[in-house]
Each structure stands twice: as structure tokens, then as C-alpha cells.
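*Asks:* After the C-alpha cells below, expect a handful of questions from me.
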Amino acid sequence: MLRTCVSLLRRRVVVSLTSSASASSSSWQPCVAGCLNDEVVAFLETTKRRQFSSGSNVGAAAAEQEKIVAAVVLERLPVVLPQLAPPVEAFQNFSFEWQQQYRREYPKEFLDASSSRGDDEGEVAFEPAPTVTEADRTNNRRSLDRALCKRLYLILQGFPHGGPKDKPIWHFPEKEYLNEDSLRKVAESAVELFAANPSDFFFVGNAPCGHLAYRLSTPPYKRFFFKSQMMGSKVNVKGRKIRDYAWVAKDELAEYFDPAEFEYMKKMLID
């Protein structure tokens, strides 16, 4: 823009000097200065109006087209310790056997005295609870009493923002940004739309844990994911637009989302 103004000034000076060459030397300088001042001011004002007009039009068009959505990744933490991986279990067994070589033995008199003592009256034999529940055997994914050693995530079946209007699909609970103070506030208000007990949820941080851009939808959407953890023992899912819901593990999300979304969620969610 600066180069354009400079080149225009040079052309105007040359034209003005050529047209006023036949006039006296005392009369052409004020004419050139006046012509330049009027034309430069008009040119700069026109350029300024175009810049502000084009910038405001682009900003208004972008604001009308693109939408922002806050989604809630609600998780139930593991209830029991997960089973160790085979390499970790083998190392722990080896470490225990190695330490047994250098252990100290109790005196024989102490061991005999402890073995001769009878059971206490209030002592009850301990039996661990089974980690495989009835919900696991029947594959009831609407129950929280399943996959006790894994993290479970709540997904809903309905019509999310930017999705198809004629077919319900699976998605995380979400809400469109309107005029809230922050995206965290949008995510908190989204909980109230699907849960009857929103006070039982704890949001982990104020920043989103990930985001996806849906450029092919009309209008395009940007979806920001906020992680939240369940603090109570159950969640009462509500909502007229919710067709179904499920509590699924991370590896089971592939059955509900398309491959591109699932690949991103594998990186976003932790085991």
C-alpha cells in the first residue's frame, strides 16, 4: 500500500509539471501543491474506507459461519487395580524371589508360638469380590458396574452440532457457545442438559484437553473437549433429544465413532 501511494504521487507530480510547463515559474508551484493535496487526501480516504469495509465484512462473515461447541468427556475412574502386564508381572515375581535369598528368618520359638495360637473370635475369613460382574457377562453398556479395572466414558446417541439431521449418531455431551464468559462455563452448562445430578461432576482444569474442526459441515464447527470426572456412584441421564447412552472404555470407542475421530481420541484420552 505504501509503494502504491508513492508511485501515485510521482505520477501526479510528473503530470502536473508537464501540464504547467507553459505557465510561469511563479504560478505552477501552488497549483501542483494544491492538486496533490486534494487528490492524495481523496485517495487515502477511499483506501481507508475500503480497508475497514473489507475487514468488517470478512469478520462478520466468519462470525456468522463458524460455530464453537464445548463437549464434556465424562469419565468414571477405575474401581479396582488393573491386571499387570505380563512383563511387569514377571519382573515383580523375579524381584520377590531374589529378595527371598537375603531375608531374615524369625526364631523357631516365635514361629511355633504364633502357629499354636487359635483364631480370634471376631476374625472372619476374607474373600475378595469378583472383578467380573453380571453387566460384563451380559455386555450391558448402560451400566456403570462393568469393566471395573478400566476408565469408562459416557457417550450419547442423538443429533450433535454439525452432524446429520436425519440420523442419530454417537457423540460426547455438548453445548454450543452463545455468550458465556468462557468455554469452561459452556461445558458446565452442558452437563445440566443431560444429567440430573450435575453437582457430582468435577472438571479437571479450565483448558480443553483437545479439539476437532469440522470444516465440511454447514455451518463449520470447532469442538473443544473438556475432561470431567464422576464423583458420585451413578449418573441419572436425562434429555428428550437423547436416544440412547452408553458407558464405554477407550478401546470400545471404535465401535461408535468413525476411524478419523477414533484415532484422535486414542491420543487425547489416557488409559
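*Asks:* Between LEU269, LEU212, which is modelled with pLDDT under 95, surrounded by 12 or more Cβ atoms within 10 Å (Cβ to Cβ), touching a Cys at 6+ places or on another chain (Cβ under 9 Å) and not charged (D, E, K, R)?
*Replies:* Exactly one of LEU269, LEU212 is modelled with pLDDT under 95, surrounded by 12 or more Cβ atoms within 10 Å (Cβ to Cβ), touching a Cys at 6+ places or on another chain (Cβ under 9 Å) and not charged (D, E, K, R), namely LEU269.
*Asks:* Mind listing just one residue for me: the one in region 242-253 that is farther than 14 Å from PHE172 by Cβ and part of a loop (DSSP other than H, G, I, E, B) and, of those, modelled with the lowest pLDDT?
*Replies:* ARG243
*Asks:* Could you list, in sequence order, all residues of region 121-175 that are basic (Lys, Arg) and either surrounded by fewer than 17 Cβ atoms within 10 Å (Cβ to Cβ) or out of contact with any His (no Cβ under 9 Å at 6 or more places or on another chain) (or both)?
*Replies:* If the condition is that a residue be basic (Lys, Arg) and either surrounded by fewer than 17 Cβ atoms within 10 Å (Cβ to Cβ) or out of contact with any His (no Cβ under 9 Å at 6 or more places or on another chain) (or both), then ARG137, ARG141, ARG142, ARG146, LYS150, ARG151, LYS165, LYS167 are the ones that fit.
*Asks:* From the list LYS227, LYS222, LYS185, which one is in contact with a Leu (Cβ under 8 Å, 6 or more places away or on another chain) and charged (D, E, K, R)?
*Replies:* LYS222
*Asks:* Could you list, in sequence order, all residues of region 64-84 that are within 28 Å of PHE225 (Cβ to Cβ) and either part of a loop (DSSP other than H, G, I, E, B) or modelled with pLDDT under 85 (or both)?
*Replies:* GLU64, GLN65, GLU66, LEU77, PRO78, VAL79, VAL80, LEU81, PRO82
*Asks:* Report, by residue number, each residue of region 126-147 that is touching a Ser or Thr at 6+ places or on another chain (Cβ under 8 Å) and either over 18 Å from SER233 (Cβ atoms) or among the acidic types (Asp, Glu) (or both).
*Replies:* Within region 126-147, ASP145 is the sole residue that qualifies.
*Asks:* Another one. Residue check: is PHE226 surrounded by fewer than 18 Cβ atoms within 10 Å (Cβ to Cβ), in contact with a helix residue (DSSP H, G or I) (Cβ under 6 Å, 6 or more places away or on another chain) and outside any loop (DSSP other than H, G, I, E, B)?
*Replies:* In short, no.
*Asks:* Is it fair to say ASP258 is assigned by TED's automatic domain parsing to the domain that holds VAL73, out of contact with any Cys (no Cβ under 9 Å at 6 or more places or on another chain), surrounded by fewer than 12 Cβ atoms within 10 Å (Cβ to Cβ) and not β-branched (Val, Ile, Thr)?
*Replies:* Yes.
The values are calculated or read from the model by the stated rules, or taken from the named source; none is laboratory data. Computed from a predicted model, the values in this text were never measured in an experiment. Glycine also receives a Cβ, built like all others from the backbone with ideal geometry; neighbour counts cover every protein chain displayed.
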